[in-house]
1. As a test question: what accessible area, to the nearest 10 Å², does Asp68 have when a 1.4 Å probe is rolled over all protein chains in place?
2. Length gain on complete extension for the stretch Glu179 to Cys159, per 0.36 nm per residue less the alpha carbon to alpha carbon distance?
3. So between Leu14 and Asn87, what do we pick up on full extension, going 0.36 nm a residue minus the alpha carbon distance?
4. How large is the accessible surface of His190 in square angstrom, using a 1.4 angstrom probe and rounding to the nearest 10?
5. Helix hunt in the chain: which complete DSSP H runs extend at least 27 Å axially by C-alpha with mean Kyte-Doolittle at least -0.5?
6. Quick one: net charge of Leu186's neighbours, Cβ under 14 Å, K/R +1, D/E -1?
7. In debye, nearest 20: dipole of the chain around its Cα centre with unit charges on the Cβ of K, R (+) and D, E (-)?
8. Students often get this wrong: which residues of segment 73-116 have the backbone nitrogen under 17 Å from the point 7 angstrom along Cα-to-C-beta of Gln3?
Amino acid sequence: MNQNILLTKNYFILADQYYQSSKLLLENIINSGNMTFGFGKSEKEAEENMQKNVLKSDSILFLPALFDCYQCMELFVKGLILIKNVNFENTHEIDILFNDLKELYNDKTEIYKVFKNFYHNELDIIKKFKKENKITTINEFYMSLRYPNYQQKKYDYICLKYNGKDGINHVEKLIKMMESIREIVLKEYHDYIN
């Protein structure tokens, strides 16, 4: 098997593992009802139920799910760059990789459009987080998912947590975006190997 095909395949396999992990975490939020409270016949039982519910809610699972989602997208973009037989800079700077994607696929292709939609027309909850934390680049947002501070700037994550039913709506939209991107990327990969 051609080395480039094998490397590309490995990027897509790893991307898909992050995709599956993110989707699993997001589905847990949905299936739990995203509750951060608990009921019981006693205060102790209610508190125990609340603690169990919190572990399956956006207060605990959303940030790791977002990180996995963005890591998946980074690996998909790198795999798509490799399909064009172009080596990419060994970086996590999404802004650079996204510009490479635009140059290689042009802004009229479906591949470019789905990634542009993902990175620029994001969920309202992410827009709010970026606005409250004065985040202006894709890269800084991605770094905010990796670290609680970046370049002497600390992030406040509260708007990404404790969103109840609204949080479920955001999660469902994110899953649909991820599924759409995955489908288009895997089609491109299958066309490439055939």
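1. Surface accessible to solvent at Asp68 totals approximately 20 Å².
2. Values: separation 20, 0.36 × 20 = 7.20 nm, distance 2.45 nm.
Extending this stretch completely gives an extra 4.8 nm.
3. Gain in length upon complete extension: 24.5 nm.
4. 90
5. Membrane-span-like by this rule: 3-32, 58-83, 164-193.
6. Values: positive: Lys9, Arg182, Lys187; negative: Asp16, Glu110, Glu179, Glu183, Glu188, Asp191.
Local net charge: -3.
7. Approximately 220 debye in magnitude.
8. Those under the cut-off are 82-90.
The values are calculated or read from the model by the stated rules, or taken from the named source; none is laboratory data. Note that the structure is a prediction, hence the values are computed from the model and not measured. Cβ: placed from backbone, ideal geometry, glycine included. Neighbour counts: every protein chain shown. Heads up: the accessible areas ignore ligands, DNA and RNA and are worked out on the full protein's heavy atoms, side chains in. Shrake-Rupley method; radii C 1.70, N 1.55, O 1.52, S 1.80 Å.
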